[in-house]
Amino acid sequence: MVHEYILLLSCPDRKGIVHAVSGFLVAHDSNIIDSAQFGDSDAATFFMRIQFSSVETLVQLQQGFESVAGKFSMQWQIYAKESRSKVILLVSKMGHCLNDLLFRINSGLLSADIAAVISNHSDHRALVERYGIPYYCFPLAPGSSFQEKAAQEQKIREVIDQHQADMVILARYMQIFSPQLCHYLHGRAINIHHSFLPSFKGARPYTQAYQRGVKLIGATAHFVTTDLDEGPIIEQDVARVDHSCPPEQLAAIGQDVESLVLSRAVQWFTQHRIILNGTKTVVFR
């Protein structure tokens, strides 16, 4: 029986990589369906994504490719195309990104399964449970101590481990992860925030933007790192506004952009199109 797979790899750039990978696929009676590659001259690193079909099993292909990967010092993985990513969503009080992802995934627009939703508030329990998804509420009062925050994070990590999540999505989760949790989720936690408003930090950013008369608002999806809102960027988009837009309209437009940008980032992650490149990403669209 023929199955489709996706090979994702990065390695130090040198001659012979494409030849070696292609030769491996030919030797294993595989047919290339789609191929994309990129060489970063600054980092001297080569990146590649190949979608292919094969009669061999995933385990056979993974075991067979180890010799090729070892020769070129590759970081790599082979995925079964039909496999669905298991995700966990984190949300606070603003539910626009949560609602959008629930709809897209439930409608089959994103190849993922939501294992659970975690929040520090109970606001969205009814919405989430209507989809038959477990909802975990771990409250965290303002001014909580370090010990209380650590205990709450431990509960979050236990849920992630319990459901063996492939990725964690911060769908407007308004708590800062500790360095320990950031390191634990390295490369598999995505956050969304209102970019292109860098001067407007803290509460009510769209009111601040209105008061300054901004002409562009937007959003950025990025990987979570210990540097707050400075992780490798996956996707960005903007919407043009003008003087006639009150803060409420700016917020509504901004929320639409946030939902769209986050859904794209999730889609590309689940399709295995993203490779970390230091403080940047390579996204094969």
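The values are calculated or read from the model by the stated rules, or taken from the named source; none is laboratory data. Please read all numbers here as calculations on a predicted model, not as lab measurements. Ideal geometry is used to build each Cβ from the backbone, glycine not excepted, and the neighbour counts take in all protein chains shown. Surface areas here come from the heavy atoms of the whole protein model, side chains and all, with no ligands, DNA or RNA. Shrake-Rupley method; radii C 1.70, N 1.55, O 1.52, S 1.80 Å.
Look through the stretch 129-148, keep the residues that are part of a loop (DSSP other than H, G, I, E, B) and touching a residue at least 12 places away in the same chain (Cβ under 8 Å), and return whichever of them is surrounded by the fewest Cβ atoms within 10 Å (Cβ to Cβ). Show your work before the answer.
Keep residues of the stretch 129-148 that are part of a loop (DSSP other than H, G, I, E, B), which gives 131-134, 138-145.
Remaining after also requiring touching a residue at least 12 places away in the same chain (Cβ under 8 Å): 131, 133-134, 138-140.
Values: TYR131: 13, ILE133: 18, PRO134: 15, PHE138: 17, PRO139: 11, LEU140: 16.
Going through the qualifying residues, I end up with PRO139.
For VAL68, indicate whether it is open to solvent by less than 60 Å² (accessible area, probe 1.4 Å), touching a helix residue (DSSP H, G or I) at 6+ places or on another chain (Cβ under 7 Å) and free of Cβ contacts under 8 Å to residues at least 60 places away in the same chain.
For VAL68, the condition - open to solvent by less than 60 Å² (accessible area, probe 1.4 Å), touching a helix residue (DSSP H, G or I) at 6+ places or on another chain (Cβ under 7 Å) and free of Cβ contacts under 8 Å to residues at least 60 places away in the same chain - is met.
Quick one: is ILE274 aliphatic (A, V, I, L, M), within 30 Å of TRP76 (Cα to Cα), buried (at least 22 other Cβ atoms within 10 Å of the Cβ) and touching a Phe, Trp or Tyr at 6+ places or on another chain (Cβ under 8 Å)?
Numbers: aliphatic (A, V, I, L, M): yes; within 30 Å of TRP76 (Cα to Cα): yes; buried (at least 22 other Cβ atoms within 10 Å of the Cβ): yes; touching a Phe, Trp or Tyr at 6+ places or on another chain (Cβ under 8 Å): yes.
For ILE274, the condition - aliphatic (A, V, I, L, M), within 30 Å of TRP76 (Cα to Cα), buried (at least 22 other Cβ atoms within 10 Å of the Cβ) and touching a Phe, Trp or Tyr at 6+ places or on another chain (Cβ under 8 Å) - is met.
Output the number of the condition that ASP100 fails; it satisfies all remaining conditions of (1) surrounded by fewer than 18 Cβ atoms within 10 Å (Cβ to Cβ); (2) in contact with a helix residue (DSSP H, G or I) (Cβ under 9 Å, 6 or more places away or on another chain); (3) acidic (Asp, Glu).
The failed condition is (1).
If you check PHE177, PHE269, which single one turns out to be under 30 Å from GLY108 (Cβ atoms) and surrounded by 20 or more Cβ atoms within 10 Å (Cβ to Cβ)? Give the derivation first.
Values: PHE177 fails: under 30 Å from GLY108 (Cβ atoms).
Only one candidate qualifies: PHE269.
Can you name the residue in the stretch 213-229 that is in contact (Cβ under 8 Å) with a residue 24 or more places away in the chain, of a type outside the set (A, V, I, L, M) and loosely packed, with under 15 Cβ neighbours inside 10 Å and, of all such residues, is nearest to ILE192 (Cα to Cα)? Lay out the reasoning, then the answer.
Pass one, the stretch 213-229, residues in contact (Cβ under 8 Å) with a residue 24 or more places away in the chain: 213-226, 228-229.
Subset that is of a type outside the set (A, V, I, L, M): 213, 215, 218, 220, 222-223, 225-226, 229.
In the following step, the residues that additionally are loosely packed, with under 15 Cβ neighbours inside 10 Å were identified as 213, 215.
On the way: GLY213: 23, LYS215: 21 Å.
Filtering the stretch 213-229 for residues that are in contact (Cβ under 8 Å) with a residue 24 or more places away in the chain, of a type outside the set (A, V, I, L, M) and loosely packed, with under 15 Cβ neighbours inside 10 Å, the one nearest to ILE192 (Cα to Cα) comes out as LYS215.
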